[in-house]
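Peer 1: Dropping the structure in here first, questions after.
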Amino acid sequence: MGPLRAILDAAARGAFPPPDGRTTVVPQPSRRDAGVLAFTAHSVVFTDEDPGWVYGALRDVDSDPLSASMNPRFLAALMERTGRTAETIDAMLVAAPLPGEPPLPLPLPLREIEDRDQPRIRYARRRREEVRAWSTDGGILVMGRGIGGRLEVSVEVDETGRHRRLGRRLVTAARHLATEPVWAQIAPGNARSIRAFQAAGYAPVGAELLLTTPEDRS
């Protein structure tokens, strides 16, 4: 287990990095995964770049040190240094697994999707390993191993399913399909999705920015 995965596993148990205003720099867990995690008053930068450069770039940011790691100037410098780009800063949520089969009624039983070219699956495979997906009437549930090998979930719900709390039911089902903590990354402006995850028992633990390469986006 690498240092980043150890930090994530501890956070899933409620044991967070010390709120000391500092930034920890750890190696990338893989070529694909690089970025920044922000917990309460502590940040983690996972990159194979020189830690000395990271700390110097943070000192050069004219902002509150507590927010320097997510400051646009630092992130722009990190992207230029690594040759990577990013989409958005996401809220980071996690939930423990639940025993048994998914108990909440769904429009139809979950059916595993075998089509690897399904758009949602194709998107997930650019960012995750061991991707699996299930469908039901009005929605798709996708799970796979993302940052540091953690188990991540995403859902896609048709407009008709949004009024049946289908999103909440699907992300609850993900907890029953898992045997370890389940993580989610959600754009902060997507309030509807955040409410669905929180209603399903996912707790916010921080924020994250994933840096991607051109190969990850193709």
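Peer 1: Considering only residues that are surrounded by 15 or more Cβ atoms within 10 Å (Cβ to Cβ), over 25 Å from ILE7 (Cα atoms) and among the polar types (S, T, N, Q), which ones fall in the stretch 150-206?
Peer 2: Within the stretch 150-206, SER193 is the sole residue that qualifies.
Peer 1: Let me confirm something: among THR213, THR172, which residue is among the hydroxyl-bearing types (Ser, Thr, Tyr) and at pLDDT 90 or above?
Peer 2: Numbers: THR213 fails: at pLDDT 90 or above.
Going through THR213, THR172 in turn, just one is among the hydroxyl-bearing types (Ser, Thr, Tyr) and at pLDDT 90 or above: THR172.
Peer 1: For the stretch 17-53, enumerate the residues that are open to solvent by 60 Å² or more (accessible area, probe 1.4 Å) and polar (S, T, N, Q).
Peer 2: Hit for the stretch 17-53 is THR40, nothing else.
Peer 1: Restricting to the stretch 83-130, name every residue that is assigned to a loop (DSSP other than H, G, I, E, B), open to solvent by 60 Å² or more (accessible area, probe 1.4 Å), over 15 Å from VAL157 (Cβ atoms) and at pLDDT below 85.
Peer 2: Hits for the stretch 83-130 are GLU101, PRO103, PRO105, PRO109, GLU114, ASP115, ARG116, ASP117, ARG126.
Peer 1: Determine whether the stretch 74-82 contains at least one residue that is within 25 Å of LEU4 (Cα to Cα), aromatic (Phe, Trp, Tyr), open to solvent by less than 30 Å² (accessible area, probe 1.4 Å) and outside any helix (DSSP H, G or I). Spell out how you get there, then give the answer.
Peer 2: Of the residues in the stretch 74-82, the ones within 25 Å of LEU4 (Cα to Cα) are 74-82.
Narrowing further to those that are aromatic (Phe, Trp, Tyr): 74.
Checking the rest, the ones that are also open to solvent by less than 30 Å² (accessible area, probe 1.4 Å) come to 74.
Retained after the next criterion (residues that are outside any helix (DSSP H, G or I)): none.
No: the stretch 74-82 contains no residue that is within 25 Å of LEU4 (Cα to Cα), aromatic (Phe, Trp, Tyr), open to solvent by less than 30 Å² (accessible area, probe 1.4 Å) and outside any helix (DSSP H, G or I).
Peer 1: Related question: Suppose we filter ILE89, ILE121 for residues that are out of contact with any Phe, Trp or Tyr (no Cβ under 9 Å at 6 or more places or on another chain) and either at positive phi or touching a residue at least 40 places away in the same chain (Cβ under 8 Å) (or both); which single one remains? Spell out how you get there, then give the answer.
Peer 2: Numbers: ILE121 fails: either at positive phi or touching a residue at least 40 places away in the same chain (Cβ under 8 Å) (or both).
The match here is ILE89.
Peer 1: Under 9 Å by Cβ, and 6 or more places apart or on different chains, what pairs join a residue from the stretch 1-30 that is in contact (Cβ under 8 Å) with a residue 40 or more places away in the chain with one that is charged (D, E, K, R) and surrounded by 19 or more Cβ atoms within 10 Å (Cβ to Cβ)?
Peer 2: LEU4/ASP33; ARG5/ARG150; LEU8/ARG150; ASP9/ARG150; ALA12/ARG150
Peer 1: Find the strands (runs of 3 or more DSSP E) located wholly in the stretch 1-53 whose residues include 3 or more that are among the hydrophobic types (A, V, I, L, M, F, W, C) and more than 19 Å from GLY83 (Cβ to Cβ), and list them. Working first, answer last.
Peer 2: On the way: elements: 22-26, 34-39, 42-46.
Strands (runs of 3 or more DSSP E) meeting the threshold: 34-39.
Peer 1: In addition: Residues to consider are ALA12, ALA57; find the one that is at pLDDT 95 or above and either open to solvent by 20 Å² or more (accessible area, probe 1.4 Å) or within 14 Å of GLU208 (Cβ to Cβ) (or both).
Peer 2: Criteria check complete, one pass: ALA12.
Peer 1: Can you tell me which condition PRO65 does not meet? The list is (1) open to solvent by 60 Å² or more (accessible area, probe 1.4 Å); (2) more than 28 Å from ASP20 (Cα to Cα), and all the others hold.
Peer 2: (2)
The values are calculated or read from the model by the stated rules, or taken from the named source; none is laboratory data. It should be emphasised that the depicted structure is a prediction, and the values quoted were computed from it without experimental measurement. We place every Cβ from the backbone using ideal geometry, glycine too, and count neighbours over all the protein chains shown. What goes into the accessible areas is simple: the full protein's heavy atoms, side chains included, and nothing from ligands, DNA or RNA. Shrake-Rupley method; radii C 1.70, N 1.55, O 1.52, S 1.80 Å.
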